[in-house]
Amino acid sequence: MLQITCNLVVPGLGTVFMRKPVVGTIQLLMLVCALVLAATVFLVFFGIVVWFIDLIWALGTGVFWYRQRRQSLRNVTASTESHS
């Protein structure tokens, strides 16, 4: 759950914590690009759009990872109970 929170604060950081370094690095680079675009006077709108896309992507990655992890824990629990 900490990973999803990190992704909401700094998109990509939580993804790196999820042990997905390539996707996390791309998300972090998108954040940097969004900040650079937002810092320029003429491209503020594009910077906000890139940041929003990055945020949605990072949130989706976190939710997908959480659901996958939860499902795998259920499978392990069910497997352990059936062997008992």
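The values are calculated or read from the model by the stated rules, or taken from the named source; none is laboratory data. Keep in mind that this is a model prediction, so the values were computed, not measured. Note: ideal-geometry Cβ built from the backbone for every residue, glycine included; neighbour counts use all protein chains shown. Areas reflect the complete protein model, heavy atoms only, side chains present, ligands, DNA and RNA absent. Shrake-Rupley method; radii C 1.70, N 1.55, O 1.52, S 1.80 Å.
Would you mind telling me the share, in percent, of accessible area of the chain contributed by carbon and sulfur at probe 1.4 angstrom?
Using a 1.4 Å probe with all protein chains present, the chain comes out at 75 percent carbon and sulfur.
Radius of gyration and Dmax for the chain's Cα atoms, expressed in Å?
Here Rg and the maximum Cα pair distance are 16.9, 65 Å.
Quickly estimate the mean residue ellipticity at 222 nm for the chain, helices only: each DSSP H run with n ≥ 4 gives -39500 (n - 2.57), and the total goes over all residues, rounded to 500. It would help to have the intermediate numbers written out before the result.
Numbers: 4 runs with 72 residues, N = 84.
It lands at -29000 deg cm²/dmol.
Along the Cα→Cβ direction, 7 angstrom out, place labels at residue 29 and residue 74. What is the inter-label distance in nm?
Those two pseudo-labels are separated by 3.6 nm.
Do any trypsin sites (Lys or Arg not before Pro) in the chain lie in a DSSP loop with no more than 10 other beta carbon atoms within 10 Å, and if so, which?
Here the sparse-neighbourhood loop sites are 19.
Please work out the average accessible area per residue across the chain, using the 1.4 Å probe convention, and give it in Å².
71
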